[in-house]
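Student: Once you've had a glance at the structure underneath, I'll fire off some questions.
Read-outs: derived from the displayed coordinates by stated rules, not from any lab. All figures in this text were calculated on a predicted structure; none of them were measured in a lab. Because the Cβ atoms are built from the backbone with ideal geometry, glycine has one as well, and the counts that use them run over all protein chains shown.
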Amino acid sequence: MEFSVKEAQAYARDGRIEEWIHCYLMTGNWQNAGLSSGLKKQTRYWAGPFEIALTDLSRCCGPEEQMEHRVDLSLWKIKTTELAAGIHHPEELPPCIVQYLPHALSIRDGNHRHEALRLKGFPTCWVLICYDSEQDRTTHGAQLLGAGI
């Protein structure tokens, strides 16, 4: 698997996006087995992939004090700079996995990619949005579509 936006779009069209997400989280260079395990603890409702402005997303990981998952500043800079150097088109990257919260779209996987895209000067990134309820997906999804996303 290539774990690109195009591939995620194909799985979404086939109604198999959750299969793609767990395969992505469990294999290859982008492994995040802990997130895969956590997502499986309850039914999730997915939307996307969508292209969304970087400024509309909230990171949960980084060197800043308020981050839920803090990382060392020097390691953060090394990883995000290396990622940025290899990015030519955002569509080549896996979509970030984002959790819908009433007050934010929180990046749960892809925080380094988000920062690398910002460093490279890209204004948007691709995301898959995880909802805890069908009602949230329906309501928020309608807002996304109404905003032209």
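Student: Among bridges DSSP assigns within the chain, what percent are antiparallel (round to 5)?
Tutor: Values: 12 of 20 bridges.
In the chain, DSSP labels about 60 percent of beta bridges as antiparallel.
Student: Could you line up 71, 98 from fewest to most neighbouring Cβ atoms inside 10 Å?
Tutor: Details: 71 15, 98 27.
So the residues, fewest neighbours to most, are 71, 98.
Student: Continuing with this model, one more query. Aspartates and glutamates near residue 79 by alpha-carbon distance under 12 Å, same-chain residues fewer than 8 away left out - which ones?
Tutor: List returned: 115.
Student: Subtracting the Cα-Cα distance from 0.36 nm times the residue separation, let me have the gained length for residue 103 to residue 69 in nm, one decimal. Show your work: numbers first, answer last.
Tutor: Details: separation 34, 0.36 × 34 = 12.24 nm, distance 1.85 nm.
Residue separation times 0.36 nm, minus the Cα-Cα distance, leaves 10.4 nm.
Student: I'd like to know how the chain sits against the 2.2 N^0.38 Å rule of thumb: what's its Cα Rg over that expected value?
Tutor: Working: Rg = 14.7 Å, N = 149, 2.2 N^0.38 = 14.7 Å.
Ratio of Cα Rg to 2.2 N^0.38 Å: 1.00.
Student: Per DSSP helix of 4 or more residues, -39500 (n - 2.57); summed, then divided by the residues of the chain. What does that give at 222 nm, rounded to the nearest 500? Intermediate values should be presented prior to the final figure.
Tutor: Numbers: 6 runs with 63 residues, N = 149.
Mean residue ellipticity, 222 nm, calculated: -12500 deg cm²/dmol.
Student: Additional query: GluC sites (Glu not before Pro), restricted to region 46-149: which are DSSP loop and have at most 12 other Cβ atoms within 10 Å?
Tutor: Working: sites: 51, 64, 65, 68, 82, 91, 92, 115, 134; in loops: 64, 65, 68.
Qualifying residues, ordered by number: 64, 65, 68.
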